[in-house]
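Accompanying notes for the structure given below.
We did not get these values from a lab; they are worked out from the coordinates using the rules stated. Since we're looking at a predicted model, the values are computed, not measured. Positions of Cβ are generated from backbone atoms using ideal geometry, with glycine treated the same way; all protein chains shown enter the neighbour counts.
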Amino acid sequence: MRFFVDTADVDAIRELNDLGMVDGVTTNPSLILKSGRDILEVTKEICSFISGPVSAEVVALKADEMIAEGRKLAEIAENIAVKVPLTWDGLKACKVLTGEGRMVNVTLCFSTNQALLAAKAGATFISPFIGRLDDINLDGLELISDIRQVYDNYGFETQILAASVRTLNHASQCALIGADVMTAPPSVIKAMANHVLTDKGLEQFMKDWAKTGQKIL
Ligand code: G3P
């Protein structure tokens, strides 16, 4: 499973990228707000050191305007994936933009039917939001599993980009289900290194090592 990092925080992306943990980046209007930076400027900076897909989201609601915004965002770099919302207009924009050879990430997906439409409109990525379904007592991971089955049933090439990933269980289950990509905040990716038994085992090793009185260096 590829890892995209879900942030517009350049320092956080660099830290994870230096460890080989970043296969791409996703942003959205809320993350741009959080960064406090200009969308064109920060996206360009991210693309200067990330070679995988970098999603930048349109904010228009009508297809024609989404297409115009998407073309402008795509001018930033060759690896821009234009992010459009899963609305009827978003699907129209997806069809046009993918027809022009651009990568398109269809976002705010909350149902299998929506994912099916995005695939038929030629989406490069579909972004089902796991955490936000869990928020309303639905099962976000079940949606990932259902979309996997539907796409496999018919051989759709649209990649499942599991989004709104907030927990360690979300991450591991996405990998088990076979999501193509997971996008998660840096904090979730870093927390994947943690295990209580690792901490406990290390503490014991340190105690025993101290008793040996030895040094390696
Ligand atoms: O990629 C979409 C993601 O940013 C949404 O996450 O936690 O705001 O639901 P969240």
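Worth a mention:
- Backbone amide hydrogens, once placed in the peptide plane, bring residue 80 within less than 5 Å of 54, excluding anything fewer than 5 places away on its chain.
- D_trans [Stokes-Einstein, Kirkwood Rh over alpha-carbon pairs] for region 62-180, 10 °C, 1.306 mPa s, µm² s⁻¹: 111 µm²/s
- Here the Karplus relation 6.51 cos²θ - 1.76 cosθ + 1.60, evaluated at θ = phi - 60°, turns the backbone of region 19-26 into coupling constants of 8, x, 8, 10, 9, x, 9, 10 Hz, with x for every Gly and Pro.
- DSSP assigns beta bridges within the chain; of those with both partners inside it, close to 0 percent run antiparallel.
- Computed Rg/Rh of region 18-69, alpha carbon atoms with Kirkwood Rh: 1.02
- Size check on the chain: the Cα extents along the three principal axes, sorted descending, read 72, 38, 30 Å.
- Selected from 93, 191, 118 as most flexible by GNM, with the chain as the system and alpha-carbon contacts under 10 Å: 191
- When 47, 109 are arranged by Cβ crowding within 10 Å, least crowded first, meaning fewest neighbours, the order is 47, 109.
- Residue 37/residue 167 FRET efficiency (R0 25 Å; Cβ-Cβ; nearest 0.05): 0.35
- Spatially close lysines, pair count over the chain: Cα under 20 Å, gap of eight or more or interchain: 21
- When the chain is treated as a Gaussian network with alpha carbon springs shorter than 10 Å, the biggest mean-square fluctuation among 25, 150, 104 belongs to 150.
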